[in-house]
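Just so it is clear, none of the values below were taken in a lab; they were calculated from the coordinates. These numbers were taken from a predicted model, which means no experiment stands behind them. As a convention, Cβ positions derive from the backbone with ideal geometry for all residues, glycine included, and neighbour counts pool all protein chains shown.
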Amino acid sequence: MSAQADLIIIGAGFYGLRLALRYGAKGMKITVLDRLPEAMTKASYINQARVHNGYHYPRSYITAKASHDNYQRFMREYPECVDNNFTHLYAVARSGSQISEYQFQQFCEIVGSPLLPVRPDEAALFNQDRIAAVFRADEVAFDAAALRRTLLAEISAYSNIAIHYNTDVTALDQTGGAITVTTNNGDFTAPRVLNVSYSNLNDIIRRARFLEAEKELLNIDIEIAEVALCTAPPELQHIGITIMDGPFWATLPFPADRLRSLTHVRYTPHTSYSSRQVATPPEEILSAYHAETNFYHMRADAARYVPAVAEFQYARSLFTNKAILANHDHDDARPILLKCHSREPVFISVLGSKLDSIYALEEAMADYLD
């Protein structure tokens, strides 16, 4: 099998599907390649399911402001894909936090993210010896399964967009003014290729035989991360909680599985490594990883701040590779990484860490593809 397209997109996550729609709507013939049997089953699905409204990034004003500015846009575009039937409480810890109660309030005021007073019964959920302040926040969770259905339904209206699942990229070669992508399901050729394969970005770059790959690799760390799924006692059924800002935790609804997530800064990451230095494909490393849950550690620590968390019942855990730009631990920023490896033909790699970053990415891509 050999197929021609105007644009090849490697990766059928949220970014890959959104970009396919954007350029398919412009009349381009789009080919999307993914090694998995279904779209949006890895990092786009396995995460906190948080639609960011800025609160989460008090150490990066730029990231926070961008999230806040894009929040309402996402809500307008995907109203059927969000869960807003819960109260989201942000709490500032008395000790160990990198931001004080006053600083968090000032930060939210500057960004424009609203903080509302809590009811007495909500405040009573928290251990006042460990929590300095609690606020209500305007922030929701997204349903990854519903978002996938919505995007695929939109794509189905375009005969010029084709998605090839179970398709593993083995090599990329330059053939004149185009790039030929060799896969287990045949060759695909286009003058433009977007690598939006998230944790597999460097793996794809290494397979580009027309590049000096080692010079083109991205400075990305791969973290094997656990999202623990559980059920909650009645008093927390419709409550989401995020403790700011340090080695703390969060619990939110996980609409796609009708459960709730529990994540912890200390226990969610199981191990990490540099994908620039380790050439083994990240999915091979994840598949070989002996994954034992850290849920019970998460629950025990979280219950010190919210005693009712001790009643959480474990359901299962989801493990995934999380791609993180190296050297951003100090400010927790989540910038988009966009690297153009070649202009004629066009070969671009993109890394974004949040759903709302797609809007900035679509603007940035105009310099290359529009």
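Here's how it looks for residue 244: its modeled amide H is under 5 Å from those of 91, 92, 93, which are all 5 or more places away or on a different chain. Estimated purely from DSSP H runs of n ≥ 4, each contributing -39500 (n - 2.57), the mean residue ellipticity at 222 nm for the chain is -7000 deg cm²/dmol once divided by its residues. For region 241-283, the residues whose backbone nitrogen is under 17 Å from a point 7 Å from the Cα of residue 87, taken along Cα to Cβ, are 241-243, 251-253. In sequence order, region 31-45 has phi-based couplings of 10, 10, 10, 9, 6, 8, x, 8, 6, 6, 10, 9, 5, 5, 9 Hz under the Karplus curve 6.51 cos²θ - 1.76 cosθ + 1.60, θ = phi - 60°, and Gly or Pro positions carry x. Using Cβ point charges alone (K and R +1, D and E -1), the dipole size of region 19-121 about the Cα centre works out to roughly 400 debye. Lysine pairs in the chain whose alpha-carbon atoms fall under 26 angstrom of each other, counting only those eight or more residues apart or on distinct chains, come to 15.
The percentage of C-alpha pairs in region 42-106 whose separation is greater than 21 Å is 35%.
For region 268-349, what is the convex hull (Cα atoms) projected area averaged across all directions, in square nanometres?
Details: hull surface 33.6 nm².
Average of the hull's projected areas for region 268-349 equals 8.4 nm².
If only the Cβ of Lys and Arg carry +1 and only the Cβ of Asp and Glu carry -1, the dipole of the chain around its Cα centre is close to 140 debye. A simple spin-label model places pseudo-atoms 7 Å from Cα toward Cβ; at residue 238 and residue 110 they are separated by 3.6 nm.
The orientation-averaged shadow of the Cα convex hull for the chain, equal to a quarter of the hull surface, comes to 17.6 nm². Ranking 183, 327, 96 by Cα position along the charge dipole of the chain, where only Lys, Arg, Asp and Glu carry charges on their C-beta atoms, puts 183 farthest toward the positive end.
In a fully extended conformation the segment linking residue 123 and residue 272 would gain 50.0 nm over its present Cα-Cα distance, using 0.36 nm per residue. Whole-Hz Karplus values for region 130-136 come out as 10, 10, 7, 7, 10, 9, 7 Hz, taken residue by residue from phi with 6.51 cos²θ - 1.76 cosθ + 1.60 and θ = phi - 60°; glycine and proline positions read x. Relative to the longest principal axis of the Cα atoms of the chain, the long axis of helix 61-77 makes an angle of roughly 80 degrees. Near the amide H of residue 265, within less than 5 Å, lie the amide hydrogens of 248, 249, all on another chain or at least 5 residues away, with H placed in the peptide plane. Largest mean-square fluctuation among 182, 271, 231, in a Gaussian network model of the chain whose springs join Cα atoms under 10 Å apart, belongs to 271.
When the Gaussian network model of the chain links Cα atoms closer than 10 Å, the mean-square fluctuations of 311, 122, 77 top out at 77.
Taking N as the number of residues in region 124-275, what value does Rg over Cα atoms divided by 2.2 N^0.38 Å take?
Taking the Cα Rg and dividing by 2.2 N^0.38 Å, one obtains 1.47.
Under 5 Å from the amide H of residue 9 lie the amide H atoms of 31, 32, 33, 194, each residue being 5 or more positions distant or on a separate chain, with H modelled from the backbone and absent for Pro and chain starts.
Modelled spin-label separation between residue 156 and residue 38, with each label point placed 7 Å from Cα along the Cα-to-Cβ direction: 1.5 nm.
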